[in-house]
Amino acid sequence: NAGVTQTPKFRVLKTGQSMTLLCAQDMNHEYMYWYRQDPGMGLRLIHYSVGEGTTAKGEVPDGYNVSRLKKQNFLLGLESAAPSQTSVYFCASSRGFSYEQYFGPGTRLTVT
Amino acid sequence: GQQVMQIPQYQHVQEGEDFTTYCNSSTTLSNIQWYKQRPGGHPVFLIQLVKSGEVKKQKRLTFQFGEAKKNSSLHITATQTTDVGTYFCAGNSGGSNYKLTFGKGTLLTVNP
């Protein structure tokens, strides 16, 4: 099993450009999450999903959109990138809220 | 909203010394999870504590959950260079809505 995979691993965007980060999991987990990690800020939840076709806002959702068209995939979109969105983005999945989360390797995004 | 505070933010030790990180929640928790993130890596689940006063051990690591289920600690005995990384606690307030809140983490460095 690959677990949780993320593409791309690195990306540099110019302000105003758009992009989509892809997360895939092969553990048949219902729950998936997108976090951003900034120095000294820990992990902050952007959006999450409790099942195919569902999404919900987390702690810092502004400037991001998500979609969960298939159970195994969770997409994070940036419609108009801003320098404040420079961060490392982690995707995670779990069987449920009270179960451990499995994290992907992360995407390092720089917005200039 | 729920807040999870973690101290210290940084800890530098000599190899062989002990290390402890503390986690405090503003609300009573249903359970608490601990994760480790190696430098440049992604968070990896270590353990989950559920019961009041629970103590669990993993080799040199000892995890405790407070009697009031509002605090937790991770203690490492005789640190090794392989223990280097950031240790995060994540508190789950339970219920049907997502409420897993990560602390900001404690970065442990070990001098060989």
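The values are calculated or read from the model by the stated rules, or taken from the named source; none is laboratory data. Not measured: the values here are computed from a predicted model. Glycine gets a Cβ as well: all are built from the backbone with ideal geometry, and neighbour counts include every protein chain shown. Accessible surface areas use protein heavy atoms only, side chains included; no ligands, DNA or RNA. Shrake-Rupley method; radii C 1.70, N 1.55, O 1.52, S 1.80 Å.
This table checks each residue for (1) modelled with pLDDT of 95 or more; (2) under 15 Å from the mean Cα position of the chain (by Cα); (3) surrounded by fewer than 18 Cβ atoms within 10 Å (Cβ to Cβ).
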position	(1), (2), (3)
B:Val4	no, yes, no
B:His12	yes, no, yes
B:Asp18	yes, yes, yes
B:Thr28	no, no, yes
B:Gln37	yes, yes, no
B:Val44	yes, yes, yes
B:Phe63	yes, yes, no
B:Gly85	yes, yes, no
Do we have any residue at all in the range A:40-48 that's farther than 22 Å from B:Val4 by Cβ and modelled with pLDDT of 95 or more? no
Only one of these is at negative phi and of a type outside the set (Asp, Glu): B:Lys57, B:Lys69. Name it. B:Lys57
Single condition B:Leu108 does not satisfy, out of (1) open to solvent by less than 10 Å² (accessible area, probe 1.4 Å); (2) more than 27 Å from A:Val4 (Cα to Cα): (2)
Mind telling me which of the residues A:Phe74, A:Phe97 ends up being open to solvent by less than 30 Å² (accessible area, probe 1.4 Å), in contact (Cβ under 8 Å) with a residue 12 or more places away in the chain and within 10 Å of chain B (Cβ to nearest Cβ)? A:Phe97
Of the conditions (1) away from chain A (no Cβ under 14 Å); (2) under 27 Å from A:Asp38 (Cβ atoms); (3) in a strand (DSSP E or B), B:His75 satisfies every one except a single condition; which number is it? (2)
Can you pull out the residues in the range B:1-33 that are facing chain A (nearest Cβ under 10 Å) and within 18 Å of A:Ser98 (Cα to Cα)? B:Val4, B:Ser30, B:Asn31, B:Gln33
Test each condition in (1) over 25 Å from A:Leu45 (Cα atoms); (2) modelled with pLDDT under 95; (3) of a type in the set (Gly, Ala, Ser) for B:Gly94 and report the one that comes out false. (1)
Checked A:Leu13, A:Leu22 against criteria (out of contact with any Phe, Trp or Tyr (no Cβ under 7 Å at 6 or more places or on another chain), among the aliphatic types (A, V, I, L, M) and surrounded by fewer than 17 Cβ atoms within 10 Å (Cβ to Cβ)); the one match is A:Leu22
Can you tell me how many residues within the range B:35-68 are assigned to a loop (DSSP other than H, G, I, E, B) and more than 14 Å from chain A (Cβ to nearest Cβ)? 8
A:Glu59 versus (1) over 14 Å from the mean Cα position of the chain (by Cα); (2) in a loop (DSSP other than H, G, I, E, B): which is the lone unmet condition? (1)
When you scan the range A:3-52 for strands (runs of 3 or more DSSP E) that lie fully inside it, which ones turn up with 2 or more residues that are away from chain B (no Cβ under 11 Å) and within 10 Å of the chain's Cα centre (by Cα)? A:19-25, A:31-38
